[in-house]
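Chemist: My structure is below; once you've seen it, I'll send some questions.
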Amino acid sequence: MGVILQAAYKFPNGHAVPSPFDGNRNVAWWWDRIASQASAFRNAGFTAILLPPALKTNGGAFPVADGYGVFDDYDLGNKNQFFSTPTRFGTREMLQRCTAMLRANGLDVYLDIVMHQRDGGSDFIYSYLGANGKAGAGRFPKHKTCFVPNVPRDPIAGPVSDDFAFGDELAPVNALPKGYVMDGLTDAVDWQTRTLDAQGYRIDDTKGMAVQFVSHLLTNKSMASGFAVGEYFDGNPATLNWWVWDSGMNGRCCTFDFSLRFMLQAMCNNAGRWDMSQLDHAGFAGRDALHAVTFIENHDTDLSSPAIWNKMLGYAYVLTSEGYPCVYYKDYSPDDGCYGMKPALDPLVWIHENVASGATTFRHKEFQFVVYERTGWPNLLVGLNNESGGWKTVAVQTGFGANVHLHDYTGHAGDVWTDGSGNVTIGIPPNENGLGYVCYSRAGLDKPNPVFRRSTTQVFEGADDLDIGPAIGGQSLVIGRIWCDAGFPLELTPQTGATHLTFSVKDAAGTQLPLHNGRGQTNVRGWHSLHVSCEAPGTTPFKLAVTWTATQTL
């Protein structure tokens, strides 16, 4: 099913990721930092990268601008608003290069989208810059009747006491005029999806939003085919199951498995004092693994209720069990301010992608340790020990068959063999800093994670009310830049019927690429500029889909 990396984090003071906006020019913009690691992420076995919310917030690029206080639905770091053109994470151009490089390394791109609130308006009035800095000309302005309490709160998916907006609370269902907010938000996410060529979404705070709106969002336009996971903050697996299936979502959206996360936090923080047998088909994942995104930590729990000790034991469970696991960047990365768990996590990510498949059968359960088997080929036998006093030795039945050579792919224990009946005796190391686990499968399966290089298709749209202006009669304008590898196909596909527009591409040296019916090939590595020329007088809006292949490294 893959492994997600949540590529964002916060510092204990609540500040978002490092940024050169703070004055240190040696710090990379976040989009460039993620792009520079794209190849390493895929080689480690990750299959998707969840980016932080990319839209301009009321914090501009200041440290508190973590992306959740969204201001403008059409500013990805290309308008000079709130004292900055870039967001905290960088410019639109950097972001488009980042997503293209993730695709070039075979990774899916997931967007963190915030639909519950907007922040930075004045008395519920939101107006934005249009193209060329035109004040009040931006797309999708908002007014009082877009927000609670000026209209009734939407019929949200959770009790009102749990509903808290970080800013002005939108009402997609009840806003006036009818459909303005629902359609406006849907159009904006579609624009963001096409601009960045995204494959999926994290939907922030689904507990505080109407299911009617979330379902509409995910079944329309370019979002209809994308992966989606909602943040329904609730520890009851029955409630999570209700939201996924019975609330009206009808299985369209996965949900983060907070029920499992709370159990694993308790396990990690209570070594030797937590009943490990509870892990047998635990949490929402134990009911519906195909709709459960499992995790140990995220940007909220890390600051409010972290797993303080033995976190690797929790990751060992998440990365060997059923469900779609998500690893938190701050846990994974060796960056300053992060926890540097990459050396221990990489083998588990490899195990998840190469030998963990099929249904789960628990082979041994007791208070201090458990052994379970993933029964899909090539089978995986996992032992977890939550006690620090010493090794646990146990004989268990397996599905490997008779006289099979087994290897522990974590490197924590030596090789073993099944007996003539397919049983095996294994030892599980003590829980020292969460490393009390083994993961056995058939010997000789070592291989690198494959990389399937992909092109990207991003749409450049120009209009007076967007961040790129329209074509202008008698002029040739640069509408954006793309970061290409050499020797790969390039294709320009106009999505408007204006025959008086001509689109072209130039490499970094200013040489125009020859195109035949919009198709050509890049000759050099690096930035290529996109141009539009207009033969008719006045201005003409346009949409141009550009398909190319980015470099795999910066």
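The values are calculated or read from the model by the stated rules, or taken from the named source; none is laboratory data. Model, not experiment: these values are computed from the prediction. All Cβ positions, glycine included, derive from the backbone under ideal geometry; neighbour counts span all protein chains shown. Only protein heavy atoms, including side chains, enter the accessible area calculation; ligands, DNA and RNA are left aside. Shrake-Rupley method; radii C 1.70, N 1.55, O 1.52, S 1.80 Å.
Chemist: Can you give the calculated 222 nm mean residue ellipticity of the chain, where each DSSP H run of n ≥ 4 adds -39,500 (n - 2.57) and the sum is split over every residue, rounded to the nearest 500 deg cm²/dmol? Numbers along the way, then the final one.
Modeler: Details: 11 runs with 98 residues, N = 554.
About -5000 deg cm²/dmol.
Chemist: To the nearest 0.05, what FRET efficiency results for residue 273 and residue 236 with a Förster distance of 22 Å applied to their C-beta separation?
Modeler: Details: r = 23 Å, r/R0 = 1.06.
My answer for the efficiency is 0.40.
Chemist: Looking at the chain, which longest stretch skips every one of the GluC sites (Glu not before Pro) that is in a DSSP loop with at most 15 other Cβ atoms within 10 Å, leaving the sites themselves out?
Modeler: Details: sites that count: 366, 432, 535.
So the longest stretch without any such site is 1-365.
Chemist: What shape does the chain have by the C-alpha gyration tensor, where a ≥ b ≥ c are the square roots of the eigenvalues, rounded means a/c under 1.5, and otherwise prolate means a/b greater than b/c and oblate the rest? Intermediate results must be reported in sequence, preceding the final value.
Modeler: On the way: a/c = 2.25, a/b = 1.58, b/c = 1.42.
Prolate, because a/c is 1.5 or more and a/b exceeds b/c.
Chemist: Using the Cα centre of the chain as origin and beta-carbon charges of +1 (Lys, Arg) and -1 (Asp, Glu), tell me which of 219, 159, 324 is placed farthest towards the positive end of the dipole.
Modeler: Farthest towards the positive pole: 219.
Chemist: What is the helix-to-structure angle for 92-104, meaning the angle in degrees between its Cα long axis and the longest Cα principal axis of the chain, kept from 0 to 90 and rounded to the nearest 10?
Modeler: Computed tilt is about 40 degrees.
Chemist: Okay, moving on. Hey, how many Å between the Cα centroid of the stretch 237-302 and the Cα centroid of the stretch 133-173?
Modeler: 29 Å
Chemist: Residue 419 versus residue 432, label points 7 Å from Cα toward the beta carbon: distance in nm?
Modeler: Label-label distance for residue 419 and residue 432, simple model: 3.0 nm.
Chemist: Moving on. If R0 is 51 Å, what FRET efficiency do you get for residue 359 and residue 144 from their C-beta distance, rounded to 0.05? Working shown, then result.
Modeler: Values: r = 53 Å, r/R0 = 1.04.
After rounding, the FRET efficiency stands at 0.45.
Chemist: Sticking with this one: So how exposed is residue 341, as accessible area in Å² (1.4 Å probe, rounded to 10)?
Modeler: Taking all protein chains as shown, residue 341 has close to 30 Å².
Chemist: Got a number for carbon plus sulfur as a percent of the stretch 343-408's accessible area, 1.4 Å probe?
Modeler: Values: 1250 of 2450 Å².
Summing carbon and sulfur atoms, their accessible area is 51 percent of the total for the stretch 343-408.
Chemist: Mean separation of Cα pairs under 8 Å and 6+ residues apart, divided by the residue count of the chain: what relative contact order is that in percent? Show your work: numbers first, answer last.
Modeler: Details: 1370 pairs, mean separation 73.6, N = 554.
Contact order relative to length: 13 percent.
Chemist: Where does each of 67-78, 139-150 land if you order them by average Cβ count within 10 Å, highest first? Walk me through the intermediate numbers first.
Modeler: Details: 67-78: 24.2, 139-150: 18.3.
Per-residue mean Cβ counts within 10 Å order the peptides as 67-78, 139-150.
Chemist: Something else about it: Would you mind getting the accessible area per residue of the chain, heavy atoms of the protein chains only, 1.4 Å probe, in Å²?
Modeler: Working: 20080 Å² over 554 residues.
Per residue, the chain has 36 Å² of solvent-accessible surface.
Chemist: When a/c is below 1.5 the answer is rounded, else prolate if a/b is larger than b/c, else oblate, so apply that to the stretch 111-233 with a ≥ b ≥ c taken from the square roots of the Cα gyration tensor eigenvalues. Numbers along the way, then the final one.
Modeler: Numbers: a/c = 1.76, a/b = 1.04, b/c = 1.69.
Verdict is oblate for the stretch 111-233.
Chemist: Right, something else. What nm value, rounded to one decimal, do you get for the distance between residue 1 and residue 262 when each label is placed 7 Å out toward the C-beta?
Modeler: Output for this residue pair reads 2.0 nm.
Chemist: Moving on. Expressed in nm to one decimal, what extension gain is obtained for the pair residue 304 and residue 452 from 0.36 nm per residue of sequence separation less their Cα-Cα distance?
Modeler: Working: separation 148, 0.36 × 148 = 53.28 nm, distance 3.80 nm.
Length gained, residue 304 through residue 452: 49.5 nm.
Chemist: So, one more: What does the extension gain come out to for residue 402 and residue 281, with contour length at 0.36 nm per residue minus their alpha carbon separation? Numbers along the way, then the final one.
Modeler: Working: separation 121, 0.36 × 121 = 43.56 nm, distance 2.71 nm.
Using 0.36 nm per residue and subtracting the Cα-Cα distance, I get 40.8 nm.
Chemist: Over what distance in Å are the Cα centres of the stretch 388-455 and the stretch 186-233 separated?
Modeler: 39 Å
Chemist: Tell me the relative contact order for the stretch 368-481 as a rounded percent, counting alpha carbon contacts under 8 Å between residues six or more apart. Walk me through the numbers on the way to the answer.
Modeler: Working: 199 pairs, mean separation 26.3, N = 114.
Once normalised by length, the contact order is 23 percent.
Chemist: Something else: Return a whole-number percent for the relative contact order of the stretch 145-201, with Cα pairs under 8 Å and 6 or more residues apart as the contact set.
Modeler: Working: 43 pairs, mean separation 19.6, N = 57.
This gives 34 percent for the stretch 145-201.
Chemist: Cβ neighbours within 10 Å, averaged per peptide: list 520-527, 404-411 in order, most packed at the top. Can you show the working numbers first?
Modeler: Values: 520-527: 15.9, 404-411: 18.5.
Packing proxy ranking, top to bottom: 404-411, 520-527.
Chemist: Here's a follow-up. How big is the charge dipole of the stretch 82-155 about its Cα centre, in debye rounded to the nearest 20, if each Lys and Arg gets +1 on its Cβ and each Asp and Glu gets -1 on its Cβ?
Modeler: Values: 10 positive and 6 negative charges, 40 e Å.
It works out to roughly 200 debye.
Chemist: Next question. Name the shape class, rounded, prolate or oblate, that the alpha-carbon gyration tensor gives for the stretch 100-151, where a ≥ b ≥ c are the square roots of its eigenvalues, rounded holds for a/c under 1.5, and otherwise prolate holds if a/b is larger than b/c and oblate otherwise. Don't skip to the answer; put the middle values down first.
Modeler: On the way: a/c = 4.52, a/b = 1.73, b/c = 2.61.
In terms of gyration-tensor shape, oblate.
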